[in-house]
Amino acid sequence: MEYAIEAHDIVKKYPSQKQHAAVAGLSLAIPQGQLYSLVGPDGAGKTTTLRILSTVMVQSSGSAQVMGYDVRKQAEKARAHIGYMPQNFSLYPDLSVAENLSFFADIQRIKGDHKKERMEEMLAFTRLDRFRSRRAGALSGGMKKKLALACALVHNPAVLLLDEPSTGVDPVSRRELWVILADVAQQGVTVLVSTPYMDEAERCHQVGMLYDGRLLTSGSPDELSARLPFEIIEVKAKPRKAMRQIVSEMDEVIEWRPVGDRLRLAVAHHNGDLEKVMDALKRRFEAEGLEVRLLRRVKPSMDDVFVHLVNEQRRTQ
């Protein structure tokens, strides 16, 4: 089997949506053992896509397979190979960590010594073994996410579907969670994770960028960056208003956007040596009496890729 997850022209329309589709002609092909990120803002169609692939929801048209099983026609067989963690995973707050894990193992019909082994493996893997007796309701946000992940993995699924697992947790817990997900993928599990955070996409083997129900592009982070028709210059100067005015007047700058107290400028490849553009910017700033604090070439980010694709989509519409 070449692909663990395949989707062909999936469309999902809700009864309340007469014109607009929540998912509009989505196709995916994700190899086994890959960490794949579906990235997009709220309302892009990420949750709907994962619900369809997890057999929780039926698509309006199109087809999808998980481990070779059709998610509509062979839902029960597909489900046996899937670990699914929705955005609001329902833990039982009055049960302990171990009791929650035991409950989900029972649901997956894991019994006897194998159940004990899997529970111990999951507690150690998610670093929750020291908290096995703590009530789930008393866990921190990050620890709740780890417990939900352990519950989704307890039956040793071939495919793991995670809907925005790091939303609402602190930065340290986010990093820990992604380290665990990388370990899961290294063990051969196919991981499909949705996220609104572009920096998380850079941790994945492949990225699919979803917007308004449509897949704008997909590929590795390096491939997506290489496809951009421009390079990035980062600049910081004072006063800021004058900096923005000068940048907006530069013919070499295709587009720009503020990031914190600095600007990220997109400069076309065909404009020649980037150093020449940077020198022209510096001379213009100095001529206008600006204090230049930062002017450098930087690597394109997934934010740059996504913003460019969305702008292109809007222009064509």
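A short reminder: the numbers here are calculations on the coordinates, not readings from a lab. Values in this document were obtained by computation on a predicted structure and should not be read as measured data. Here the Cβ is made from the backbone with ideal geometry for all residues, glycine too, and neighbour counts use every protein chain on show.
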Report the rotationally averaged projected area of segment 140-204 based on its alpha-carbon convex hull, in square nanometres. 4.0 nm²
Label-reachable residues, segment 239-253, where backbone N falls under 17 Å from a point 7 Å from ASN311's Cα toward its Cβ: 244-253
Report P(r) for the chain: all Cα-Cα distances, bin width 20 Å, range 0 to the bin holding the largest distance, values in whole percent. 29, 48, 21, 2
Express in nm, to one decimal, how much length is gained between ARG72 and LEU228 on full extension, taking 0.36 nm for each residue of separation and deducting their alpha carbon distance. 52.4 nm
Need one number: nm distance between label points at GLN19 and PHE103, each 7 Å from Cα along Cα→Cβ, rounded to one decimal. 4.5 nm
In whole angstrom, note down how far apart the Cα centers of segment 173-215 and segment 120-143 are. 22 Å
With the contact rule set at Cα under 8 Å and sequence spacing of 6 or more, what percent relative contact order holds for the chain? 19 percent
Computed about the Cα centre, the charge dipole of segment 3-224 from +1 Lys/Arg and -1 Asp/Glu charges at the Cβ has a magnitude in debye, to the nearest 20, of 680 debye
Straight-line reach from LYS13: which lysines have Cα under 27 Å away, leaving out those fewer than 8 places along the same chain? LYS46, LYS73, LYS77
Using the 10 angstrom Cβ neighbour count as an exposure proxy, how do LYS276, LYS145 rank, fewest first? LYS276, LYS145
Please report THR167, THR48 as a ranked list, fewest other C-beta atoms within 10 angstrom at the top and most at the bottom. THR167, THR48
Once the in-chain neighbours fewer than 8 apart are removed, the lysines whose Cα is under 22 Å from LYS276 read LYS236, LYS238, LYS299
Can you list the aspartates and glutamates whose alpha carbon sits under 17 Å from that of LYS115, skipping same-chain ones fewer than 8 residues off? GLU99, ASP106, ASP129
What FRET efficiency comes out for the pair LEU95/GLN187, r = Cβ-Cβ distance, R0 = 22 Å, nearest 0.05? 0.20
Inter-label distance for GLU255 and SER60, nm, one decimal - labels placed 7 Å from Cα along Cα-to-Cβ: 2.8 nm
Fewest Cβ neighbours within 10 Å first, please rank THR190, THR49 accordingly. THR190, THR49
On a 0 to 90° scale, report how tilted helix 97-107 is relative to the longest principal axis of the chain, with both axes built from alpha carbons and the result rounded to the nearest 10. 70 degrees
Note: ASP279 to ASN156 extended length (0.36 nm per residue) minus current alpha-carbon separation gives 38.6 nm
Helix axis angle, 112-125 relative to the chain longest principal axis, alpha carbon, degrees: 20 degrees
